[in-house]
Amino acid sequence: MASGSEYFNRCGPKYLSNIDWNNAHHRRSVSASLVEGVYMLEEDRQARRGGSQCVAPPWWEFFNFKVVNALIDDNDKSIFGAIFEYKPSAYSYHRSMDRTPRYVIAFRGTLIKLESFARDLKLDIDIIRNGLHHTGRFRTAIKAVLDLVSVVGSSKVWLTGHSLGAAMAMLAGKNMAKRGNFLEAFLFNPPYVSPPIERIKNKKVRHGLRFAGTLIKAGIAFAAAASDNHNNSNGIQDSSFAAISGWIPCLFVNHLDPICSEYIGHFKHKKKLEDIGAGGLARLTSQHSLGNMAMNAVGIKGIDTSEPLHLLPSANLAVNLYPCQDMISAHELHQWWRPDLNLSCSVYK
């Protein structure tokens with residue numbers, strides 16, 4: 001096997017010999033590279049269990065990070081995350097150091113390997129059912145985040161993840177925001193549980209479908225509010241959603257990736273409603289998932305309709321418009337440290 005240096009030079013962002021933490025491209029590339037490091041840690045663990053001497057190339061060392069703790073799933077014992085500590089050399093200190101993280105907590109996505117795939121797939125289904133917050137893996141993740149923030153504070157802790165790991169980081173970030181701790185977050189290809197309307201080429205059809213969905217969600221939400229007027233459950237949800245509005249995570253999506261591309265349409269549609277004076281309707285329906293409502297309405301058990309994971313009031317959305325060969329390459333993590341990315345960036349608050 002190639003050495004860590006050889007592997008990094010062949011596949012990694014080798015052009016980042018000096019990191020400027022004020023540079024958004026550098027922050028994105030390093031964050032994605034640390035998530036790749038978590039994939040490598042789990043692949044290395046499985047290789048060793050199989051008798052291989054394969055050693056994971058420590059990409060993180062090229063950016064002066066070290067692994068201080070691996071996060072282990074209590075079900076299959078796989079490594080699903082890691083806490084990285086930034087340990088810069090003396091000559092690395094310069095004016096951009098105020099933007100540096102002290103720790104980065106990174107989460108990998110679904111790994112198609114024998115020992116971890118079944119568990120990862122079950123968690124993917126939990127995302128669709130809006131039940132990720134009930135899983136043992138998330139309990140391990142949020143405990144690690146809470147423990148670290150309680151010691152070093154929130155300003156020097158970053159969250160990052162890819163795909164399933166992006167959902168894990170997003171859920172952790174939302175939980176911390178409700179506690180008043182806004183952690184910087186870099187979420188790559190985060191899942192959006194919805195039909196991929198953004199993939200429809202006809203713009204009028206896309207807009208029509210989204211507007212129809214908004215009206216349906218509004219009707220269901222009003223009906224639910226009427227049936228629950230004996231308690232304050234809706235007020236609690238509104239308050240919870242408002243509490244995270246000040247948290248602005250960085251979302252990185254590819255317009256050709258059906259898993260995450262609907263974030264593009266979600267925020268654009270919300271802005272259109274606000275522009276025509278329907279901001280109240282936008283805020284109401286942005287707290288509900290039509291998919292979750294529909295599954296619950298037809299009697300599918302285990303669907304949690306309260307505050308769907310993928311819905312956010314605010315985000316810094318970066319869309320990769322670079323041409324991809326297929327949907328698989330559009331979902332790959334490696335795209336996010338390319339030096340020639342064609343990004344369209346918008347901040348939604």
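The values are calculated or read from the model by the stated rules, or taken from the named source; none is laboratory data. Because the structure is predicted, anything quoted here is derived from the model rather than measured. Note that each Cβ is placed from the backbone with ideal geometry, even for glycine, and that neighbours are counted across all protein chains shown. Note: areas computed on protein heavy atoms with side chains; ligands, DNA, RNA excluded. Shrake-Rupley method; radii C 1.70, N 1.55, O 1.52, S 1.80 Å.
Just so you know, in segment 330-346 the residues that are loosely packed, with under 15 Cβ neighbours inside 10 Å and among the small types (G, A, S) include one that is farthest from L317 (Cα to Cα), and it is S344.
Selection over segment 152-194 of residues that are farther than 22 Å from H266 by Cα and not in a helix (DSSP H, G or I) gives a count of 12. Could you check N75 against (1) in contact with a Lys or Arg (Cβ under 7 Å, 6 or more places away or on another chain); (2) under 20 Å from I259 (Cα atoms); (3) in a loop (DSSP other than H, G, I, E, B) and say which number it fails? Exception for N75: condition (2).
Can you tell me which residue among K156, K113, K122 is surrounded by fewer than 19 Cβ atoms within 10 Å (Cβ to Cβ) and at pLDDT 95 or above?
Values: K156 fails: at pLDDT 95 or above; K113 fails: at pLDDT 95 or above.
The match here is K122.
Residues that are modelled with pLDDT of 85 or more, open to solvent by less than 20 Å² (accessible area, probe 1.4 Å), within 21 Å of the chain's Cα centre (by Cα) and farther than 28 Å from D340 by Cα are absent from segment 11-32.
Sub-7 Å Cβ pairs linking a first residue in segment 265-277 that is modelled with pLDDT under 80 to a second residue that is assigned to a helix (DSSP H, G or I) and open to solvent by 20 Å² or more (accessible area, probe 1.4 Å), at least 6 apart or interchain, are H269/R210; L273/L281, ordered by first then second residue.
In segment 143-151, the condition of being part of a helix (DSSP H, G or I), free of Cβ contacts under 8 Å to residues at least 60 places away in the same chain, surrounded by 22 or more Cβ atoms within 10 Å (Cβ to Cβ) and not aromatic (F, W, Y) is met by at least one residue. Scanning segment 160-172 for residues that are in contact (Cβ under 8 Å) with a residue 60 or more places away in the chain and of a type outside the set (G, A, S) yields T160, H162, M168, M170, L171.
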